[in-house]
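Here's the structure, in structure tokens; my notes come after.
The values are calculated or read from the model by the stated rules, or taken from the named source; none is laboratory data. Quick caveat: nothing in here was measured; it's all calculated off a predicted structure. Reconstructed Cβ throughout: ideal geometry from the backbone, glycine too, with neighbour counts over all protein chains shown.
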Amino acid sequence: MKRYLDYNASTPLDERVLAAMVECMEGLPGNPSSTHQFGRALRARLDRAREQVAALVGVQPTQVVFTGGGSEANNLALHSVTAGQAAGRLAVSRIEHPSVLEPARAMTDRGWQLDLVEVDDQCRVTTRALADKLHRDTRLVSVMMANNETGVIQDIAVLAEQARAAGAVFHTDAVQAAGKIRLDFESSGAQLLTLSAHKIYGPRGVGALIVDKMLEPEPLVYGGGQERGLRAGTENVAGIVGFGMAAELAKEELEPRARHAHDLRDRLESGLARYPEVTLFAGHAERLPNTVQLAVAGIDGETLLMQLDREGIAVSSGSACASGRNEASHVLLAMGVDALLARGAIRISVGRETSIADIDALLAVLDKQIKWLHKAGQAAGW
């Protein structure tokens, strides 16, 4: 039996989302920028989806800029603040997703200085750590709302207030937080916020950047007036419609989904507690209800991942966007975790369809692997 426990990488497409997308694709030709009745019908669906995504984070529809995914939205966030400005400084946490870290590093080729903000051993950005990286010419601060590997939730409201008091624009990548914890753009203090559809049971290849009304961001893609002129090109209407439906469902079903995930996480962690070989990362911090990152001492993470895969259980060794590198997690290294232990890390992330049987099956395979490790150690005289 196949068991999917990698919901932070991507979620299954909700059948209600699919139905909305199919209805849009099958019934309506045309371009949403056209003024004839076909174009107006598509525009109405686009407008409705914008309202649904806006409601998820408590903003006005005009603040939603649709993109080709969360990574593009993160790139747009950094570009929109820094393009056309004299080079200054960026403050970015060390635990960010590659779609923030890599464009930030690329900007150093254009004269910008990148200051990487440290985290503590529980994956938290502290106000002291941020203060150490704030300077008079810091133009942008980016700290993710919830980490994709450890699940740790940052105190974004406090960090945003600190950054803005120093004169910097504050961006938060909320891709993993959406659909798992309640989001409110205004109370977060952020001025730019990133979302992605496929993390909330929507389609892949669609995202959004939420933009503060007072900002005047620079476009990332030129060539048309779509998306407030920030992202030219005919919109992916079916994908955006799916995003809108997924956002509406995420808002409506937030509490039961979170409760279900929390119960499963507790069951998993209780089962792991009897193994001294298992290290749970960031166990003392506030985390997403669905995420557990762990390592088994003596077992390489990729080896453990493949063993689980052979048993039909899908987990991750970290960020799906950084897979295949066979390197220790940059998140765990930033937390001060030993490199060898960090290389052994796997991430389990549960979702709406995950069952108690799935968790028990995972525990059974882990138990088998740990017992095998013991036998191998005894045979080798460890």
Notebook entry, point to check: If only one of P61, P32, P98 is more than 23 Å from the chain's Cα centre (by Cα) and either closer than 30 Å to V117 by Cα or not small (G, A, S) (or both), which one is it?
Noted result: P32
Margin query: Looking at F243, F281, can you tell me which residue is crowded, with 20+ Cβ neighbours inside 10 Å and outside the structural domain of V53 (by TED's automatic domain parsing)?
Written below: F281
Next item on the list: Give the residues of segment 89-100 that are closer than 23 Å to E216 by Cα and either among the hydroxyl-bearing types (S, T, Y) or out of contact with any helix residue (DSSP H, G or I) (no Cβ under 8 Å at 6 or more places or on another chain) (or both), sorted by residue number.
Entry: R89, S99
Next item on the list: Identify the single condition in (1) under 21 Å from the mean Cα position of the chain (by Cα); (2) assigned to a helix (DSSP H, G or I); (3) in contact (Cβ under 8 Å) with a residue 40 or more places away in the chain that H262 does not satisfy, given that it satisfies every other one.
Entry: (3)
Next item on the list: Considering each of A322, A297, A238 in turn, give the residue that is surrounded by fewer than 20 Cβ atoms within 10 Å (Cβ to Cβ), over 22 Å from the mean Cα position of the chain (by Cα), among the aliphatic types (A, V, I, L, M) and modelled with pLDDT under 95.
Entry: A297
Note to self: Given the criteria surrounded by fewer than 19 Cβ atoms within 10 Å (Cβ to Cβ), under 30 Å from K133 (Cβ atoms) and touching a Gly at 6+ places or on another chain (Cβ under 8 Å), does D173 qualify?
What the structure shows: no
Item checked: Matching entry among Q113, Q122, Q154 (being in contact with a Lys or Arg (Cβ under 7 Å, 6 or more places away or on another chain) and under 15 Å from M335 (Cα atoms)) -> Q154
Check: Quick one: in segment 176-223, which of the residues that are among the aromatic types (F, W, Y) and assigned to a loop (DSSP other than H, G, I, E, B) is modelled with the highest pLDDT?
Finding: Y201
Next item on the list: Could you tell me which numbered condition S329 fails, if it satisfies all but one of (1) of a type outside the set (A, V, I, L, M); (2) touching a Leu at 6+ places or on another chain (Cβ under 9 Å); (3) surrounded by 19 or more Cβ atoms within 10 Å (Cβ to Cβ)?
Entry: (2)
Margin query: Going through G298, G239, G233 one at a time, which residue ends up being in contact (Cβ under 8 Å) with a residue 40 or more places away in the chain and either charged (D, E, K, R) or not in a helix (DSSP H, G or I) (or both)?
Written below: G298
Margin query: Restricting to segment 107-142, name every residue that is out of contact with any His (no Cβ under 8 Å at 6 or more places or on another chain) and of a type in the set (A, V, I, L, M).
Written below: M107, L114, L116, V117, V119, V125, A129, L130, A131, L134
Next item on the list: Exactly one condition in (1) of a type in the set (A, V, I, L, M, F, W, C); (2) surrounded by fewer than 23 Cβ atoms within 10 Å (Cβ to Cβ); (3) in contact with a strand residue (DSSP E or B) (Cβ under 9 Å, 6 or more places away or on another chain) is not met by A106; state its number.
Entry: (3)
Next item on the list: Find the residue count for segment 121-144, including only residues that are acidic (D, E) and free of Cβ contacts under 8 Å to residues at least 24 places away in the same chain.
Entry: 1
Next item on the list: Scan (1) of a type in the set (K, R); (2) in contact (Cβ under 8 Å) with a residue 12 or more places away in the chain; (3) surrounded by fewer than 24 Cβ atoms within 10 Å (Cβ to Cβ) for the single condition R274 breaks and write down its number.
Entry: (2)
